[in-house]
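Please read the structure below before turning to the comments.
The values are calculated or read from the model by the stated rules, or taken from the named source; none is laboratory data. All values reported here derive from a predicted model rather than from experimental measurement. All Cβ positions, glycine included, derive from the backbone under ideal geometry; neighbour counts span all protein chains shown. What goes into the accessible areas is simple: the full protein's heavy atoms, side chains included, and nothing from ligands, DNA or RNA. Shrake-Rupley method; radii C 1.70, N 1.55, O 1.52, S 1.80 Å.
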Amino acid sequence: MQEIHKILELLESGFGNLKVLVVGDIMLDRYIMGDVDRISPEAPVPVLRHVQRYERAGGAANVAMNLRGLGCETFLAGFWGRDAEQTELARLLSEGKVDTRGMVFTGLPTVSKTRIIGRHQQMMRLDIESRESASKAEFERLLENAMDLVGQVDAVILSDYAKGALSEDLSRAVIHAARKRDIPMLVDPKNSDFSRYAGATTVCPNLEELSVAAGIPRHETELLLAAGEAMLEEHDFEFVTVTMSDKGIRALLREGSYHSPARALEVSDVSGAGDTVVATLAAALAGGLPVRTGIDLANMAAGIVVGKVGTVPIAQHELIAMLTPSSGIASAEKILDRERMQRRVEEWRAAGETIVFTNGCFDLLHLGHITLLEQCRRFGSKLVLGLNTDSSVNGLKGSERPIVGERERAQVMAALAAVDGVVLFSEPTPLELIKALRPNVLVKGGDYTVETVVGHEEVMAQGGRVEIVPIVEGFSTTNIVRKLQGK
């Protein structure tokens, strides 16, 4: 993936500075799960013995939850009723820190979908919704709320689930306002007439939705994609984003198409994957990433969420973990300042990684260093190296040290496969750095006892441990210098 440095920077800090508005059809997804082991005597239907029940934010609300999972400040505008479903949905959104000031109460029920699942197999779905439309006054309030919020955000998403919130007039007004501000305007379409989305930055249909809009059978893939390309001029889209299930995502651009292959390792449930795509793409474009990079990131996020059961939003730490494997990441992406390293460690920890920390000057890399780092790696899944700055080394080793400058030392250490992150510190000891990173395992090489290792109390107090790795006799930077001097 291109722009890896920019992506990680956005995930670890930048997305938190972005504001995104989602306007559309919100709903509550409810799951009732249980076991089936008999047929009802009342009718030829299975009897579900209830085991578990849970609720998730769905539709446009799930798009908003995905944006929050990425770290964006998120605003939601749509309709909901005065009922128990609204109360539960409001609770979920509040816990997710989604701003719902754009929501409008109507006299209609809150849309909900209840999926009844027995032994991992969906048996039926019960939908609660009204076929009536919101009143003219309610639409006017929604439009007023949406237009007010468009002026405060960095990107806008229309999440159309064909439940009535996105009228043609409202859609056109929001798109016009967003484009007037020159901010990304994305649409997840359900209406078969894409002309109502004219002027949007992109529409993000799946193959079935594009098939209905183009009037071309879904299996005629090439004809379908050609029809999508024709929509660029017809509806003034900058590009069309086609999600193609197990074939990935195809971006249809004016200068040609770009294909991002599917990235799912295991597919459990595709529910909500389209919401994840449009949310991640919106955040990427708002953060200044190129279209192709945004498509790849959205595809990666979708590959993560389809491995979960139910409607589950993406989380920052999941993308960071996928983008920062133990090998394959450029060394420059491993060298972070203290604040960014602290955030990355927290994301790793949230992903279930075991954080190992060691420190040193590492002036001239030798076998003793390599042995220490390889041993460190065995104690956990992510190794962070605290590296003394030049001034710190100078104070510890004398005026003739270091031989190699801190930038070069950091680059060399980061290039090692065993090392996942490098952070410089200028203090005489790494105590403050250890307090900030809170590693699970603290490792020291040499003739130490646990009680003499700096930071042992802090690490052990939080349930961590200290490991001592014996030094490799005969290997040290001092010995290398003596040999070079002929001593």
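Couple of notes before you dig in:
- Taking each residue of segment 213-240 that is touching a residue at least 40 places away in the same chain (Cβ under 8 Å) and on the phi < 0 side of the Ramachandran plot and looking for partners that are open to solvent by 20 Å² or more (accessible area, probe 1.4 Å) and of a type in the set (S, T, N, Q) with beta-carbon atoms closer than 7 Å, six or more apart or interchain, yields HIS235/SER195.
- Residues being in contact with a strand residue (DSSP E or B) (Cβ under 9 Å, 6 or more places away or on another chain) and within 24 Å of ARG196 (Cα to Cα) - total across segment 228-267: 20
- Residue check, SER426 open to solvent by less than 10 Å² (accessible area, probe 1.4 Å) and either among the aromatic types (Phe, Trp, Tyr) or over 20 Å from GLY464 (Cα atoms) (or both): no
- Filtered residues of segment 343-359 (kept if open to solvent by 10 Å² or more (accessible area, probe 1.4 Å) and either in a helix (DSSP H, G or I) or touching a residue at least 40 places away in the same chain (Cβ under 8 Å) (or both)): ARG343, GLU346, GLU347, ARG349, ALA350, THR354, ASN359
- Test: THR276 is part of a helix (DSSP H, G or I), hydroxyl-bearing (Ser, Thr, Tyr) and either at pLDDT below 95 or open to solvent by less than 10 Å² (accessible area, probe 1.4 Å) (or both): yes
- Filtering ARG119, ARG115 for residues that are under 28 Å from ASP35 (Cβ atoms), in contact (Cβ under 8 Å) with a residue 60 or more places away in the chain and open to solvent by 80 Å² or more (accessible area, probe 1.4 Å) leaves a single hit, ARG119.
- Test for ASP160: is it modelled with pLDDT of 95 or more, open to solvent by less than 70 Å² (accessible area, probe 1.4 Å) and among the acidic types (Asp, Glu): yes
- Qualifying residue in segment 307-314 (condition: within 10 Å of the chain's Cα centre (by Cα), in a loop (DSSP other than H, G, I, E, B) and under 26 Å from ASP25 (Cβ atoms)): yes
- Within segment 202-224, the residues that satisfy the criterion of being of a type in the set (S, T, N, Q) and surrounded by fewer than 21 Cβ atoms within 10 Å (Cβ to Cβ) are ASN206, SER211, THR221.
- Matching residues, segment 361-380, being surrounded by 16 or more Cβ atoms within 10 Å (Cβ to Cβ) and over 15 Å from GLU467 (Cα atoms): CYS361, PHE362, ASP363, LEU364, LEU365, HIS366, GLY368, HIS369
- As for segment 363-371, it holds no residue that is in contact with a strand residue (DSSP E or B) (Cβ under 6 Å, 6 or more places away or on another chain) and either farther than 29 Å from GLY69 by Cα or aliphatic (A, V, I, L, M) (or both).
- Residue in segment 147-161 that is over 25 Å from ALA283 (Cα atoms) and in a loop (DSSP other than H, G, I, E, B) present: no
- The number of residues in segment 198-223 being within 17 Å of SER257 (Cβ to Cβ) and more than 30 Å from the chain's Cα centre (by Cα) comes to 5.
- Odd one out for VAL104, checked against (1) in contact (Cβ under 8 Å) with a residue 40 or more places away in the chain; (2) buried (at least 18 other Cβ atoms within 10 Å of the Cβ); (3) more than 19 Å from ILE26 (Cα to Cα); (4) not charged (D, E, K, R): (3)
- Within segment 372-423, the residues that satisfy the criterion of being closer than 11 Å to VAL356 by Cβ, touching a helix residue (DSSP H, G or I) at 6+ places or on another chain (Cβ under 7 Å) and not in a loop (DSSP other than H, G, I, E, B) are LYS382, LEU383, VAL384, LEU385, GLY421.
- Answer from ARG179, ARG172, ARG196 - the residue that is touching a helix residue (DSSP H, G or I) at 6+ places or on another chain (Cβ under 6 Å), free of Cβ contacts under 8 Å to residues at least 40 places away in the same chain, charged (D, E, K, R) and open to solvent by 20 Å² or more (accessible area, probe 1.4 Å): ARG196
- Strands (runs of 3 or more DSSP E) wholly inside segment 1-93 that include at least 1 residues being free of Cβ contacts under 8 Å to residues at least 60 places away in the same chain and under 18 Å from THR276 (Cβ atoms): 73-77
- Scoring MET124 on the criteria (1) open to solvent by 70 Å² or more (accessible area, probe 1.4 Å); (2) over 25 Å from the mean Cα position of the chain (by Cα); (3) in contact (Cβ under 8 Å) with a residue 12 or more places away in the chain leaves a single failure, condition (3).
- Of all residues making up segment 38-88, the number that are loosely packed, with under 15 Cβ neighbours inside 10 Å, in contact with a strand residue (DSSP E or B) (Cβ under 7 Å, 6 or more places away or on another chain) and closer than 26 Å to LEU21 by Cα: 1
- Condition check for ALA146: over 30 Å from the mean Cα position of the chain (by Cα) and open to solvent by less than 20 Å² (accessible area, probe 1.4 Å): no
- Selection status of HIS5, open to solvent by 50 Å² or more (accessible area, probe 1.4 Å), out of contact with any Lys or Arg (no Cβ under 7 Å at 6 or more places or on another chain) and within 30 Å of LEU285 (Cβ to Cβ): yes
- With respect to being of a type outside the set (S, T, N, Q), in a helix (DSSP H, G or I), within 30 Å of the chain's Cα centre (by Cα) and within 30 Å of ARG82 (Cα to Cα), VAL187 falls outside the description.
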